[in-house]
1. Identify all residues within segment 71-97 that are under 17 Å from MET53 (Cα atoms), in contact with a Ser or Thr (Cβ under 9 Å, 6 or more places away or on another chain) and either surrounded by 13 or more Cβ atoms within 10 Å (Cβ to Cβ) or touching a residue at least 40 places away in the same chain (Cβ under 8 Å) (or both); write none if there are none.
2. Working only within segment 38-68, note down all residues that are under 10 Å from VAL89 (Cα atoms) and either aliphatic (A, V, I, L, M) or buried (at least 17 other Cβ atoms within 10 Å of the Cβ) (or both).
3. One residue is enough: does segment 63-85 have a residue meeting the conditions modelled with pLDDT of 90 or more, touching a Leu at 6+ places or on another chain (Cβ under 8 Å) and among the charged types (D, E, K, R)?
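The values are calculated or read from the model by the stated rules, or taken from the named source; none is laboratory data. The shown structure was predicted, so the numbers you read here are calculated from the model rather than taken from an experiment. Backbone-built Cβ (ideal geometry, glycine too); neighbour counts: all protein chains shown.
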Amino acid sequence: MFFLAMCVMLAAGCAANKPAQVPRPVPAAERPDEAMGKEVRYRIQTQCPGDAMNIKIIISDGVVTLQGVASSQSVAWRAQAAAQSVSGVKAVRSELLVRR
């Protein structure tokens, strides 16, 4: 009898709970430039830690422009690849100057 009462109370409690709302992922095409900019900055800092502060990031309609100075060509390439890897980025324009 006790077991039956517990099952009824458990079933009633579960029925009253609504399923958790799962946030809808934002499609890459709808991702705001500001959110992409933060992720591009993070990825460049991860890939080019010594040069990241010398790189200015400009984003307009999903197109990333990188400006500034890189210490080598490989750093410039890594920064460009890091920016391109971010979801929602349509294109990357590198205007980075390589320090000689």
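1. Correct list: ALA76, TRP77, ALA79, GLN80, ALA82, ALA83, SER94.
2. VAL40, ILE59, VAL63, VAL64
3. no
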